[in-house]
Structures are given as C-alpha cells and as structure tokens.
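In what follows, a single structure is set out as structure tokens and then discussed.
The values are calculated or read from the model by the stated rules, or taken from the named source; none is laboratory data. All values derive from a computational prediction rather than experimental measurement. Because the Cβ atoms are built from the backbone with ideal geometry, glycine has one as well, and the counts that use them run over all protein chains shown.
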Amino acid sequence: MAKARTKSEASAGTADLTMVEAVGQALARALEEDETVILLGEDIGVDGGVFRATDGLITRFGADRVRDTPLSEAMIGGLPVGLAAMGFRPVAEIQFMGFIYPVIDQIVNHAARLRTRTRGRMTCPMVLRAPYGGGIHAPEHHSESMEAMFAHIPGLRVVIPSSPARAYGLLLAAIRDPDPVIFLEPKRIYRAAREAVVDNGGALPLDRCFTVLKGADVTLVTWGAMLKETLEAAEILAGDSVEAEIVDVATLKPLDMDTILASVSKTGRCVIVHEAPLTGGFGAEIAARLAGEGLMHLVAPVERVAGWDTVMPLLRLEGRYMPSAERIVAAARRVLEYA
C-alpha cells in the first residue's frame, strides 16, 4: 500500500523563482501551515510590499494575518515582541535596512533578552526582515549593509540568503526558530536570477555555512549578494589553474567556524569578501577567529575585500564602491604569492 502523503508533500511543487518570489513563497507556506504566523509592516498588505515580496498574501490569508502598519519602525519592532511573548510567530518587515535604526531599542533591550530575562520561561520567536545592501541605485538611507551591528548583539541570529532556494529554506527555518532572527535580504539579487525552488516546506539548517565550490588552493568566504562576484572571481582564477573553494556563511550569528576552519586547513589561504565597509565589518571577526583558531593552518595573511569606509555613494559611483570580481581576484593572487 502506498504511504499517505503529508499535506506539505501533497501540495509541493517546483518552480523557477527569483529570490523575492522565493521569499513570498516561504511566507505563504508558513502562513498556511501555522496559524500563529502573522506578517506586519508598512504597505505589505494591500500593496504587497515595496519590493512585492508579500504580493497577494492579504487576499489569501486576510488582513488579520497580513497587517499593514502605520509608518513607525519603532512600533514595527516592538509589536512583534509582545506578539511573540503571547504565543504568536510574527514576521515583521522593515522596508529598507536604512530605516531599521529606530528598531534597535526594541531588539536590543527586549527581543534579544527575553529568554535570559525570564530564565528560559519565555522566548521570542520573531523574524525581522529587511532588504539590505546596494546595487539598485537607490538614494541615501536605502543601501546600508550593517549586518555586523546585529551580529554583535547577544541573543540574536543573523541570517543572509544568497539565492532563491537559500531564501526559501532559511526563511522557513528562521520563522520556526524559538529565538529572534534578523533576516537580511540582499535586494540587488532579488530579481537577478531564477532557481528551481521546491515548495515542500523544507527548511535549511541555520547556524551552518554552505560550501558552494570545492577547491584546494584558496578559500573565499562570503555571503549574500557578494556570492555572485565571488563565483565570477573563482572562474577567472580557474583560468590560471587556481582552484578556489567558496564558503557561503549564510548564518553570521552564530557563526559556523568549523566549516571555515576545515576549508582553510586544506587551502592555507583565505580571502573574505563582503559589501559592508571594511572597518568593523563582520569579515574582521572571521579574520580574528582564523588568527586565534587556525593560525597554524595559514601560510599567508588573511585578506579582506570590502566596501569603502564611507556612506554608499549615489548613482554613478555606486559601482566603484561595490567589491568586484577583479578586486577579489587581485586579493587571491596576493595570498597565493606566499610560498
């Protein structure tokens, strides 16, 4: 007798989706499977969100579960804490990461502390979504990459997908997690490519790096939209018979250092790539951990390829700010020069 299929398996389907479509599909799946999931944010209901990630969800699930909020980021950050404490799983959207700073008070003082404050009697299963990063020629306050700021806050998870399938699986895992998750979506690749995504409700593991490409000569560590340029750099290096191994961090906090160390123990060389400004960027944390835990494996200094220590320049200079495949290749060649 054939085994009966679960509701998730019965309704599973595969489609080529963009990242923003995969985010919407994950949200729909979460709403369908768990009645405690509630979405809230500015213009996410009737308008479907500024990037249309929630397009059509208010029609399917109603205004009680897909809630348009007033224009108040402080409220959007605080309301989910109360909802989470009362047994809901809220998913709040901040339209751009540049608008996220009024939320810091609620996130630092309440969401991140609820578990320890109550000695484990309560948790805060909320997700705060925000499109982040540059590359779409947006005005000021629309292109920040402040992931290191959230990674510094105890009690938070910080997750950044790099592809449609990653976005689907990691977002579902974040929604199901019992603690608060900052889920940053690189908007530059929202519609840059399509990928087969199976809508079966399957989550990807949090707190785990993904090895995207195997190699033996140099480790390239990156996350989010910068995976694209890192893959391009690896292709250029392959033309010179250099095998690059690429590690997609995916969850910055907690950091899966074991995967990075395993790669560096094989290659002896490491280049860390991120879009955020160099000084105080999360790449510095990875470099410090390599110095402390993997020094004997290194045969060359760790290189970092990052944005410049300035506000994202507008329009025509934006491309000069973003790390390029050429800059990554140059850094890799520098570490390869060491014997």
Subset of region 130-152 (residues that are surrounded by fewer than 19 Cβ atoms within 10 Å (Cβ to Cβ) and among the acidic types (Asp, Glu)): Glu140
Can you name every residue in region 35-79 that is among the aliphatic types (A, V, I, L, M), touching a helix residue (DSSP H, G or I) at 6+ places or on another chain (Cβ under 9 Å) and assigned to a loop (DSSP other than H, G, I, E, B)? Ile44, Val46, Ala53
Output the residues belonging to region 120-129 that are modelled with pLDDT under 95 and either crowded, with 24+ Cβ neighbours inside 10 Å or among the small types (Gly, Ala, Ser) (or both). Gly120
Taking first residues from region 295-306 that are within 14 Å of Ser265 (Cα to Cα) and second residues anywhere that are part of a loop (DSSP other than H, G, I, E, B) and among the hydroxyl-bearing types (Ser, Thr, Tyr), the pairs with Cβ under 6 Å that are 6 or more apart or on different chains are Val299/Tyr338; Ala300/Tyr338
Could you grab me the full set of residues in region 153-182 that are in a strand (DSSP E or B) and surrounded by fewer than 23 Cβ atoms within 10 Å (Cβ to Cβ)? Arg157
Which one of Thr211, Thr251 is of a type in the set (Ser, Thr, Tyr), more than 17 Å from Ala332 (Cα to Cα) and buried (at least 22 other Cβ atoms within 10 Å of the Cβ)? Thr251
For Leu206, are the conditions met, namely being closer than 26 Å to Phe150 by Cβ, surrounded by fewer than 24 Cβ atoms within 10 Å (Cβ to Cβ) and hydrophobic (A, V, I, L, M, F, W, C)? yes
What pairs can you find where one residue is in region 310-325 and more than 18 Å from Met226 (Cα to Cα), the other is in a loop (DSSP other than H, G, I, E, B) and at pLDDT below 90, and their Cβ atoms are less than 6 Å apart, with a gap of 6+ or different chains? Leu315/His137
Residue that is touching a residue at least 40 places away in the same chain (Cβ under 8 Å) and within 12 Å of the chain's Cα centre (by Cα), where the choices are Phe210, Phe183: Phe183
Is it fair to say Thr219 is crowded, with 16+ Cβ neighbours inside 10 Å and under 17 Å from Pro161 (Cβ atoms)? no
Filter the strands (runs of 3 or more DSSP E) completely within region 246-339 down to those with at least 3 residues that are of a type outside the set (A, V, I, L, M). 270-277, 303-307
Listed by first then second residue, the pairs whose first member lies in region 110-130 and is assigned to a helix (DSSP H, G or I), whose partner is among the polar types (S, T, N, Q), with beta carbons under 8 Å and at least 6 positions apart or on separate chains, are Leu114/Thr123; Arg115/Thr123
